[in-house]
Number of protein chains: 2
Amino acid sequence: MRSTSRTETFPAHTPAASQVFTTLLSHGPLTRLAAARRAGLSPAAVTKAVRPLIEAGYLVEDADDEPRAALGRPANPVRVDGSRALFVGVKVTGDEIIGVLTDLCCRIRLARRVPLTDRATRAVLASVADLVHDLRAGADDIGVPVLGLGVAVSGDVDRAEGVVRYSPFLEWRDVPLAELAAMTTGLPVTVDNDVRALTIAEQWFGAGVGLSDFAVVTVGAGIGCGLVVHGRVVAGAHGVAGEIGHVAVDPAGPPCHCGNRGCVEAIAGDAAIVARMREVTGRKVADSAAAVALAHQGLPGAREVYARAGEAIGRGIATVANLFGPERVIISGEGLAAYDLFAEQIRDAFAAAAFGSAARCDVQTRPLPFEEWARGAAAAAIQSFITSTPADGSGKG
Amino acid sequence: MRSTSRTETFPAHTPAASQVFTTLLSHGPLTRLAAARRAGLSPAAVTKAVRPLIEAGYLVEDADDEPRAALGRPANPVRVDGSRALFVGVKVTGDEIIGVLTDLCCRIRLARRVPLTDRATRAVLASVADLVHDLRAGADDIGVPVLGLGVAVSGDVDRAEGVVRYSPFLEWRDVPLAELAAMTTGLPVTVDNDVRALTIAEQWFGAGVGLSDFAVVTVGAGIGCGLVVHGRVVAGAHGVAGEIGHVAVDPAGPPCHCGNRGCVEAIAGDAAIVARMREVTGRKVADSAAAVALAHQGLPGAREVYARAGEAIGRGIATVANLFGPERVIISGEGLAAYDLFAEQIRDAFAAAAFGSAARCDVQTRPLPFEEWARGAAAAAIQSFITSTPADGSGKG
DNA sequence: TTTCTTTCATTGACAGCGGAAAATAATGGC
DNA sequence: GCCATTATTTTCCGCTGTCAATGAAAGAAA
């Protein structure tokens, strides 16, 4: 079922070419001169790197829009042609699959969600294949190829091998997801941890652009953290890193499913908040939306639940800042729906617990839609594509 | 006072040469072939890289010791000639200056300590200059040049600029220490944070050899942490990282001078242990040695003080492991004198608080002598030396 | 209109790095 | 002495990115 002819590979084989391309991806249209300065190369190198990429259609010279103010030969900005290629990103959660179709600039063209009823590998693969098929069909961009599929899964994922080592939510162990999904979809597949994928998207297209050290903290069902150090996403020696959710901020706190007490997640995770809200208010609380509603109603004690969650998150972030000294921390995730309820506590707890210069770290919030997770998966796929070597991508064999 | 003629520079101008040299530094004598494999280069590249380094005397071919067992042309191992150059490393604490003279392999040749009575910049500089002079005079290696001085200071240090931004123990702010010390000693000076310097030494010569992700945790007056991620020491966006000492492990714990409660340092730092020991036993406790003695005597409650400290350290290490996923954590520092008193608690608390794969992290202890800190400073100086470019080291000008 | 100035982009020569493969070296076994 | 075997060196060679010079496209000045 190899409908997509042979696999297309990216014609950037030198470090300079890759660097120029990623610079243009992140920093929008740029003249060759400006790109050279940003990438630390000579203008000549940029000219040479850009040519084959323009010929292959990945870059285009911008039509000269604005009347230039400056003297001299008008600049000729170059940008990535988003419409040159499409990618599919899929995020698999325990009860839902979210998929997006993005262009090469990782702009979302289409988004779809389907519920997940069966977590067996086979069933998930079938759902993913359907979703991918839908998204590809839904794109009316005739002639624009879909060049890759990214799949984001929470848990312990070995991206290089394309294997999900362990995913608690899906109850998977050692599933060679990349290989399986490649067979069912016919696309090159990249599998990565969900938070890491989101971090890649932030690094290239979001609030992490241009930073070599930053962290992404996600607040929702779990509390996750993606780290970028020395300009690279941290994967950890054993494939796991950023487990901020199980940083203990209060040894006297509630027990966590990990066996400890007072983990950030056991205080500020969705389930913890809902449970605590039930306890405090004595009412039925169906889900976190209900919990937010109760707090907004001003029910006695309800706001305190969020205050406590905010404090836990703020302490967790301070811990990250103390250890890494990131330039910025980006807070995101579905849990941000309640942001107004704990923003103050996050900031206060962070300021109190951040030591010395760590407090100079810029803490931002980005209320990213849930599709952003899937977009992260697409970003991982884009990354795989543009770093693919002709050797490893060869369809012949 | 430029007695040391013109500054010597290191003749490794290509990435391959640097890589070969550091490989040989860390991995002892190696045949060219073995070095090539380890450094990921071709044998030809190693031959080419090695030649100028042998000519300049930094590398030597080992005399063939052991009778080779194998067939074929005998291997010709190459190693760094430690006696080619000397370096001085100095660690400045609040009340003492520790200095060592090391060779190019960072082996300690001489060590000296002098008390520090006056923390004013001028006085410290004078003491450092005296100490350096002593060490240079004490070396009977006539003709072996001293090629650099490393100074390690706790606190916020900008190594690139050679400036101590803020050192609480010395009460310094924005002291251009590298420049000042270079003037008084006539040597090229590298200034770095003390824990980072120690981490460099471990990375090249200690338990971090060959690892791309590990952490060094020091236990003593303060609790510090040096991190290596992606093979590089983490400095943090604002020059501060690894502040494990102020990770809060117990919000109900004792107040810390940083303004929080239950910081690792407020429970397991020397001062905290001594204070708590006084409180618990009701006796006079002069210093941490006395506290250790009391615990060894089995005084009621004394061991619990250490147990609590061990638990705090173990939790702190687990936090580091959860966030980074290092391959190994190396515990060191003067506080290890009491290691038998809290080893068990460290391991237990780590195992309990490390989440998932983070628990696979190897936790080692290295009872490093106090001179090891100064040796770290020397390692930083060696690093500066071998990465020095002819452009920046030019004496002409 | 022509020429100059300014700035961006391109070109071609070039130095140098590191790799591949062949040649050379050094040893033990026969 | 010759061969097999392994280590090292040599000899190209491709390739990358820089340098310095040149070209191109405007507005400004004459």
Hey, what's the protein assembly as shown come to in accessible area per residue, 1.4 Å probe, Å²? 43 Å²
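Stokes-Einstein at 37 °C, 0.692 mPa s, Kirkwood radius from Cα pairs: D for the stretch A:132-238 in µm² s⁻¹?
216 µm²/s
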Name the residue, out of A:377, A:354, A:123, whose mean-square fluctuation peaks in a Gaussian network model built on chain A with Cα pairs under 10 Å. A:123
For the protein assembly as shown: rounded, prolate or oblate by the Cα gyration tensor [a/c cutoff 1.5]: oblate
To the nearest Å, what is the center-to-center distance of the stretch B:236-256 and the stretch A:291-339, using C-alpha atoms only? 19 Å
In chain B the DSSP beta bridges are antiparallel at a rate, in percent to nearest 5, of 60 percent
homo-copy label distances at residue A:348 (7 angstrom along Cα-Cβ), nm, one dp, ascending, are 3.6
Tell me, which longest segment in chain A has none of the GluC sites (Glu not before Pro) that fall in DSSP loops with at most 16 further Cβ atoms within 10 Å? A:172-397
Give the carbon-plus-sulfur fraction of the accessible surface of the protein assembly as shown in %, rounded to a whole number; probe 1.4 Å, heavy atoms of protein chains only. 52 percent
Most mobile listed residue (A:242, A:220, A:40) in chain A, GNM with C-alpha springs under 10 Å: A:40
Could you tell me which chymotrypsin sites (Phe, Trp or Tyr not before Pro) in the stretch A:290-397 are loop residues by DSSP with no more than 14 other beta carbons within 10 angstrom of their beta carbon? none
Among B:310, B:82, B:298, whose mean-square fluctuation peaks in a Gaussian network model of chain B (Cα, cutoff 10 Å)? B:298
Using the Cα centre as the reference, give the magnitude of the dipole from point charges on the C-beta atoms of the protein assembly as shown (Lys, Arg: +1; Asp, Glu: -1; all else neutral), rounded to the nearest 20 debye. 900 debye
Select from the stretch B:198-236 all residues whose loss of accessible area on going from the chain by itself to the full protein assembly reaches 30 Å² or more (probe 1.4 Å). B:229, B:230, B:232, B:234
Interface residues in the stretch A:289-325 - accessible area drops by 10 Å² or more relative to the isolated chain, probe 1.4 Å: A:315, A:319, A:320, A:322, A:323, A:324, A:325
Delta accessible area of at least 50 Å² on complex formation, residues of the stretch B:330-359, 1.4 Å probe, chain isolated as reference: B:355, B:357
Chains B and A, summed buried accessible surface - 1.4 Å probe, Å², nearest 100: 3400 Å²
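Which residues make up the longest stretch of chain B that has no trypsin sites (Lys or Arg not before Pro) in a DSSP loop with at most 14 other Cβ atoms within 10 Å?
By the stated rule (loop sites, at most 14 other Cβ atoms within 10 Å), B:108-282.
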Put a point 7 Å out from Cα along the line to Cβ at residue A:96; what are the distances to that point in the other copies, in nm, shortest first? 6.0
Within straight-line cross-link reach of residue A:48, aspartates and glutamates at Cα separation under 16 Å, skipping those fewer than 8 residues along the same chain: A:61
Inter-centroid distance (Cα atoms) of the stretch A:13-48 relative to the stretch B:105-140, Å: 48 Å
7 Å along Cα→Cβ, label-point gaps from residue B:74 to other copies, nm, shortest first: 7.5
Could you tell me which residue out of B:222, B:234, B:333 lies farthest along the dipole of the stretch B:209-365 toward its positive end? Charges go on the beta carbon: Lys and Arg +1, Asp and Glu -1, centred on the Cα centre. B:222
Enumerate the aspartates and glutamates that residue A:284 could reach by cross-link, defined here as Cα to Cα under 16 Å, with residues fewer than 8 away along the same chain left out. A:270
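The values are calculated or read from the model by the stated rules, or taken from the named source; none is laboratory data. The structure displayed is predicted, hence computed values, not measured ones. All Cβ positions, glycine included, derive from the backbone under ideal geometry; neighbour counts span all protein chains shown. Areas reflect the complete protein model, heavy atoms only, side chains present, ligands, DNA and RNA absent. Shrake-Rupley method; radii C 1.70, N 1.55, O 1.52, S 1.80 Å.
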